[in-house]
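The values are calculated or read from the model by the stated rules, or taken from the named source; none is laboratory data. Because the structure is a prediction, the values reported are computed rather than measured. Glycine gets a Cβ as well: all are built from the backbone with ideal geometry, and neighbour counts include every protein chain shown.
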Ligand SMILES: [Zn+2]
């Protein structure tokens, strides 16, 4: 009987290339299309998204690790498509600094929208990097910006007291941050995402971002009745 020299075996399987995310450009970001005029940006770990409209660009979250590359990504896409690169709206998923800590880069130029609890918490934190959203809602709010629809919904405290669902029904996409659900999602994620972009079209889902302690997962058609799992704090 032959024996195997266990010392020659690796301690763990190599990380699959597909788990490392897309290659970043020289500026340190990747921008890709989610659906039509909806795009996502990543630095390899964090993500945000933006929607180009006839009334300017709507940015969904502004992680500080992506920072000025958010505008660079917008500029790149706007130039390629001949649309405005002017960011006019900024939507906050929740108040945590790792997802909206670059909000001040757009100060004075945008209308900020988020949950009423997000505003309260940002006023409490008094962080110059995270200006409070001046526009708020309680449970649901539908935005019509430049002919594009964005549904905001608060289903109760989960990852944070103010974390919301950002649903773009005409793009079959749901954005949810920092939440993992244990059942009912059909994500094709290969990693644990920190930000989750799900598209329900053709029963397809998309999941973005390498992450660590938390991820997000539910599909657009499973939003009603969502139950929340245990959460993390970032
Ligand atoms: Zn968070």
Take the residues in segment 149-161 that are at pLDDT 95 or above and surrounded by 23 or more Cβ atoms within 10 Å (Cβ to Cβ); name whichever of them is farthest from the ligand (Cβ to nearest atom). 150
Within the group 203, 190, 186, which residue is surrounded by fewer than 19 Cβ atoms within 10 Å (Cβ to Cβ), touching a strand residue (DSSP E or B) at 6+ places or on another chain (Cβ under 9 Å), at pLDDT below 50 and farther than 22 Å from residue 59 by Cβ? 186
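When you scan segment 112-131, do you find a residue that is in a strand (DSSP E or B), in contact with a strand residue (DSSP E or B) (Cβ under 8 Å, 6 or more places away or on another chain), touching a residue at least 24 places away in the same chain (Cβ under 8 Å) and surrounded by fewer than 21 Cβ atoms within 10 Å (Cβ to Cβ), even just one?
From segment 112-131, those in a strand (DSSP E or B) are 112-113; that's our starting set.
Those still in the list that are in contact with a strand residue (DSSP E or B) (Cβ under 8 Å, 6 or more places away or on another chain) too: 112-113.
Still in the running and touching a residue at least 24 places away in the same chain (Cβ under 8 Å): 113.
Filter once more, keeping what is surrounded by fewer than 21 Cβ atoms within 10 Å (Cβ to Cβ): none.
Looking for residues that are in a strand (DSSP E or B), in contact with a strand residue (DSSP E or B) (Cβ under 8 Å, 6 or more places away or on another chain), touching a residue at least 24 places away in the same chain (Cβ under 8 Å) and surrounded by fewer than 21 Cβ atoms within 10 Å (Cβ to Cβ), one finds none in segment 112-131, hence no.
Filter segment 85-102 down to the residues that are within 22 Å of residue 30 (Cβ to Cβ) and more than 14 Å from the ligand (Cβ to nearest atom) and list them by number.
Of all residues in segment 85-102, those within 22 Å of residue 30 (Cβ to Cβ) come to 85, 87, 90-91, 93, 98-102.
85, 87, 90, 91, 102 - these are the residues of segment 85-102 that are within 22 Å of residue 30 (Cβ to Cβ) and more than 14 Å from the ligand (Cβ to nearest atom).
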Quick one: would you say residue 72 is surrounded by fewer than 22 Cβ atoms within 10 Å (Cβ to Cβ), under 20 Å from residue 166 (Cβ atoms) and at pLDDT 95 or above? no
